[in-house]
Amino acid sequence: MRTKIVAGNWKMNLDVAASKKLAMDISDDIQNLKTNNTRIIIAPTAINLYPVFHQPNMDSRIEIAAQNMHQAKNGAFTGEISAEMICSVGITNIILGHSERRTYFNETDAGLAEKVTTALENNMNVIFCFGEVLADRKNEKHFKVVESQLENALFHLKDNDWKHLVLAYEPVWAIGTGETATPEQAQEMHAFIRKVIAKKFGENVAQQVSILYGGSVNPGNAKEIFAKPDVDGGLIGGAALDSVNFVALIKAIQ
Ligand code: 13P
């Protein structure tokens, strides 16, 4: 059975006190919740990773992820953070390839391929994001675009690497817009993604990799999206900034 995942990408929101509080509120709210086969991940901004992770009494089911890292081991890259630095505070999950990184910070598939390699060399678990923009979908190029994003950033990997990979399909037109892909659109794309992975890495790899949907998921639409057979959870932005909403999403996948 594939692992289900509810992951909250906090983006550039919340100071240290608010980050610690949100994590503890989530922790308190899941105390009596059974979460079989579900990973719960939160991704605070870099400066808050350490204080959030090292809070005493936080529910041990809550995992922490960083939102970005540099591909180099170390060096003259002012303002950047390395895989080693993230691991050194005890955090081994990393989000890579988010569309906001691609759009605002010019991240490319080729650069992301290097980041994925570095992360895996450091024994990190990668949540790899990708997805088409609105014009691609309007022009019916969305399958082609997604396929090439996967090919260019992930096809250099070995079968074994996939144990440490989670995919997050995030159609750019649905991120922060309130416009969600329909459950059918999500399922259609997730099934296609699994086919692309199967063709290159075999059916076993394709069947075991968790594929998350991201883009305006909220407590009102989550259940229907998560119910689709190839949707293994969500990468959540806005709704992850509120403990009640985020816990509702965790409940929606049970
Ligand atoms: P929203 O849930 O705010 O649309 O953001 C999705 C996202 O970008 C998660 O990484």
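The values are calculated or read from the model by the stated rules, or taken from the named source; none is laboratory data. Fair warning: this is a prediction, and the values are worked out from it, not measured in the lab. Here Cβ is always computed from backbone atoms with ideal geometry, including for glycine, and neighbour counts include all displayed protein chains. Accessible surface areas use protein heavy atoms only, side chains included; no ligands, DNA or RNA. Shrake-Rupley method; radii C 1.70, N 1.55, O 1.52, S 1.80 Å.
Cross-link pairs exceeding 20 Å between alpha carbons, from the set Lys223/Lys251; Lys11/Lys158; Lys4/Lys251; Lys11/Lys195: Lys11/Lys158; Lys11/Lys195. Across the range 98-172, Cα pairs under 8 Å and at least six residues apart give a relative contact order of 44 percent. Remark: the Met85-Lys73 segment gains 3.4 nm on full extension, using 0.36 nm per residue and subtracting the alpha carbon distance. Shape analysis of the range 201-254 based on the Cα gyration tensor places the equivalent ellipsoid semi-axes at 24, 11, 9 Å, largest first.
Asp161 contributes an accessible area of around 40 Å² to the protein surface, as traced by a 1.4 Å probe with all chains present. Rolling a 1.4 Å probe over the heavy atoms of the protein chains gives the range 125-254 an accessible area of 42 Å² per residue.
Averaged over residues, the count of other Cβ atoms within 10 Å places the peptides 149-155, 25-31 in the sequence 149-155, 25-31, highest first. Taking the average, over residues, of other Cβ atoms within 10 Å as the packing measure, peptides 64-72, 34-42 rank 64-72, 34-42 from highest down.
Please state the shape class of the range 96-254: rounded when a/c is under 1.5, otherwise prolate if a/b exceeds b/c and oblate if not, all from the C-alpha gyration tensor. Judged from the Cα gyration tensor, the range 96-254 comes out rounded (a/c under 1.5). Rounded to the nearest percent, how much of the accessible area of the chain (1.4 Å probe, protein heavy atoms only) is carbon and sulfur? Ligands and nucleic acids excluded, carbon and sulfur reach 51 percent. Peptide packing for 199-211, 183-195 was compared via the average number of neighbouring C-beta atoms within 10 Å per residue; ordered from the highest value, the list is 183-195, 199-211.
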